[in-house]
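A short worksheet on the structure shown next.
The values are calculated or read from the model by the stated rules, or taken from the named source; none is laboratory data. It should be emphasised that the depicted structure is a prediction, and the values quoted were computed from it without experimental measurement. With ideal geometry, Cβ positions are generated from the backbone for all residues, glycine too; neighbour counts draw on all protein chains shown.
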Amino acid sequence: MSGRLTTHALDLVLGHGAGGLKVSVRRVNPAEPWLGQVELDDGGRGVLLEGEKFIAGLYEVNFHVGEYHRSRKLVDGDGFLEEVPVRFRVADAEAHCHIPLLISLYGYSAYRGG
């Protein structure tokens, strides 16, 4: 069994999953260019990495919240938050690592989920 990296973003302004939010992922150490980008499903969920691409190391996921807020007409102009980067370490690449994000127009909270 190989591990995987998943996310779930909840939009606290609209009160539901942040469907359509774009999320990029890269490995910081060992260094890799951006490994890919996903668009979260209608419920705000997505699989970022799995299988052989998911190895132990330092990762960064980047949530493109500015674009998301503009697409839903929640902000006039640029808004406050543009991108939310989250850096974290994966010690066991055989495990499931889940990074939930709660977003509003002026703040966010990220944590290690299960």
Under 7 Å by Cβ, and 6 or more places apart or on different chains, what pairs join a residue from the stretch 86-114 that is under 24 Å from G15 (Cα atoms) and of a type in the set (S, T, Y) with one that is in a strand (DSSP E or B) and modelled with pLDDT of 95 or more? Y108/V84; Y108/L101; Y108/L102; S109/L102; Y111/P100
Pick from the stretch 27-38 the residues that are modelled with pLDDT of 90 or more and aliphatic (A, V, I, L, M): which of them is farthest from D92 (Cα to Cα)? V38
Cβ pairs under 7 Å, 6+ apart, first in the stretch 49-66 and among the polar types (S, T, N, Q), second assigned to a loop (DSSP other than H, G, I, E, B): N62/E83
Taking the stretch 39-56 and keeping only residues that are at pLDDT 95 or above and of a type outside the set (A, V, I, L, M), one is left with E39, D41, D42, G43, G44, R45, G46
Index of the failed condition, G20 passing every other in (1) exposed (fewer than 14 other Cβ atoms within 10 Å of the Cβ); (2) outside any strand (DSSP E or B); (3) at positive phi: (1)
